[in-house]
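The values are calculated or read from the model by the stated rules, or taken from the named source; none is laboratory data. Just so you know, these numbers come straight off a predicted model, no measurement behind them. No Cβ is skipped: glycine too gets one built from the backbone with ideal geometry, and neighbour counts run over all protein chains shown. Ligands, DNA and RNA are excluded from the accessible area calculation, which covers all protein heavy atoms including side chains. Shrake-Rupley method; radii C 1.70, N 1.55, O 1.52, S 1.80 Å.
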Amino acid sequence: MLPPGVRPVHAVLELLLVLAGLGLVAAVVRHPHTVDAERVVLRTGFLGDVTLPRSAVRSVAPVVRTVPGRGPRAVPDETGTVACSVTGSLNVALHLDPPVRLDLGAAGVVDATTVYASADSWPAFATALRAAPQR
């Protein structure tokens, strides 16, 4: 029960919250991960993306993993491992050979051998990686 004088302010704050949520969903949905013959781009909406050369991706495997944080970030206590997702939940691991040097901004530069990501459908993501011809 809010006092009558506070109700308009509360309504505006609720509207801004709903719009921010819809904006986040739109940013992620409109910019999905892409796989082509030359590169794999893992996107996290406005949080940034990670571009990997397609030739460096050796395998992809399903995982159940949680890494704190959002966007592209180094995985604590795992050298050469990067997480790229909007949330902490990850379900795909891309194994790289040779390692790919990634600039993670404030987190520094990482020579990544494994990149964890979140995909809507692991089988569809794996199929896209297999279907994209390597050069």
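Within the P(r) computed for the range 33-86, what percentage of the Cα pairs occupies the region above 18 Å?
The answer is 37 percent, as a whole percent.
Which angle from 0 to 90°, rounded to the nearest 10, does the C-alpha axis of helix 7-30 make with the longest principal axis of the chain?
Its long axis makes an angle of about 20 degrees.
Compare the peptides 116-127, 79-90 by average per-residue count of other Cβ atoms within 10 angstrom and give them in order, highest first.
With the highest mean Cβ count within 10 Å placed first, the list reads 79-90, 116-127.
So for each of 44-56, 5-17, 94-106 I average, over its residues, the number of other beta carbons within 10 Å; can you give me the resulting order with the highest mean first?
The densest-packed peptide leads the list: 44-56, 94-106, 5-17.
Enter the angle in degrees (range 0 to 90, nearest 10) between the Cα long axis of helix 122-131 and the first principal axis of the Cα atoms of the chain, meaning the one along which they spread out most.
Compared with the principal axis, the helix lies near 40 degrees.
Quick one: which residues, 5 or more positions from residue 104 or on another chain, have an amide H under 5 Å from its amide H? H modelled 1.01 Å from N in the peptide plane, none for Pro or chain starts.
Residues meeting the criterion, in which the H sits 1.01 Å from N, are 109, 110.
Considering only protein heavy atoms and a probe of 1.4 Å, how much of the accessible area of the chain is carbon and sulfur, as a whole percent?
Accessible surface attributable to carbon and sulfur in the chain totals 61 percent.
Let me see the pair-distance distribution of the chain: every alpha carbon pair, 10 Å bin width, integer percents in order.
Result, from short to long distances: 12, 38, 27, 11, 8, 4, 0 percent.
Can you work out the accessible area per residue across the chain, with the rest of the protein chains kept in place, probe 1.4 Å, in square angstrom?
Value returned for the chain: 60 Å² of accessible area per residue.
From the helices alone, meaning DSSP H stretches of at least four residues, give me the mean residue ellipticity at 222 nm for the chain, per-run term -39500 (n - 2.57), in deg cm²/dmol to the nearest 500.
Mean residue ellipticity, 222 nm, calculated: -8500 deg cm²/dmol.
Please state the charge dipole magnitude for the chain, taken about the Cα centre, from unit charges on C-beta atoms (+1 on K and R, -1 on D and E), reported in debye and rounded to the nearest 20.
My answer is approximately 200 debye.
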